[in-house]
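Working notes, beginning with the structure itself.
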Amino acid sequence: MVISVQNITANTAMVIWPTIPSCADSFYSIMYQSNWNTMMSGYSREHFQRQERIPASRTFYIVENLTPLTTYILCVTCQSANPSSDQCKIFHTAAQDPSSVSSKKKDLALGIWLTSSIILLIIACILLYGCLHIWWRKRQERARAQNAESNDRDKRQAWVKDEKSAENFEKPGLLPVNENKKEDKSTDGSHVAPIMTDPLTAEETNSLTPNDHEDGAAQPTAEE
């Protein structure tokens, strides 16, 4: 069986092999190893570090994750049999492309930057949420304190009003005393000192009828 390795790059290679009739209902084993030394190890299947199972319907496979500038040996067998020399192929990987290296570095740097940005954004959101929560709680506490102060003030004002109304209710009502100055003249024309009259007695005097005044004036005459 003659196999061929094509499209060799620094990290990949495509292996192609002919169809084996005996593997129609089975699978192909692809074994490959770097820095192979046939003098020391021969072609024993146990000495290959990597093995892949490929369905029998396929006759090609792309080997990946190879090391640049490295010598590999690759063998294809039916099932997991030990390979022979005609079933193996030696090939060398190419050097790493500088543009691909720079692109990988850029991709890595971009990934690190995006990850850092997302982490910083999450931290900023957490801090902002904490600050808003603290501000809202302080605002609620301030509003409660203001409501409590206004309630205390209203209660204090109502209590003072009640005390004042109670004091006014307990004090006896005082009627204002009107000082009516009457300036009378005697029969001889001389001035007489003003007479201070109490509104209570004045009201009683004013309530008397003219007959009562005459009776009152006649009584001193009878006594005389």
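Shown for the range 1-160: the carbon plus sulfur share of the solvent-accessible area, taken with all protein chains present and a 1.4 angstrom probe, equals 59%.
Summarising the label geometry, the points placed 7 Å from Cα in the beta-carbon direction at Ala143 and Leu110 lie 4.8 nm from one another. Summarising the amide proton neighbourhood of Tyr61: residues at separation of 5 or more, or on other chains, whose placed amide H is nearer than 5 Å comprise Val15. On the beta carbon distance between Gln6 and Ile119, with R0 = 30 Å, the FRET formula returns roughly 0.10.
The largest accessible area among Trp113, Trp136 belongs to the first residue in Trp113, Trp136, and the rest follow in falling order (1.4 Å probe, all chains).
Working from label points 7 Å from Cα in the Cα-to-Cβ sense, the Arg53 to Ala95 distance is 4.1 nm. With the whole protein complex present, Met14 retains an accessible surface near 40 Å², based on a 1.4 Å probe. The listed residues Ile90, Ile123, once ranked by accessible area (1.4 Å probe) with the largest placed first, stand as Ile90, Ile123. Heavy-atom accessible area for Arg142, with the other protein chains in place and a 1.4 Å probe, reaches approximately 130 Å².
The values are calculated or read from the model by the stated rules, or taken from the named source; none is laboratory data. Keep in mind it's a predicted model, so treat the numbers as computed, not measured. Here Cβ is always computed from backbone atoms with ideal geometry, including for glycine, and neighbour counts include all displayed protein chains. All accessible areas refer to the heavy atoms of the entire protein, side chains included, with ligands and DNA or RNA removed. Shrake-Rupley method; radii C 1.70, N 1.55, O 1.52, S 1.80 Å.
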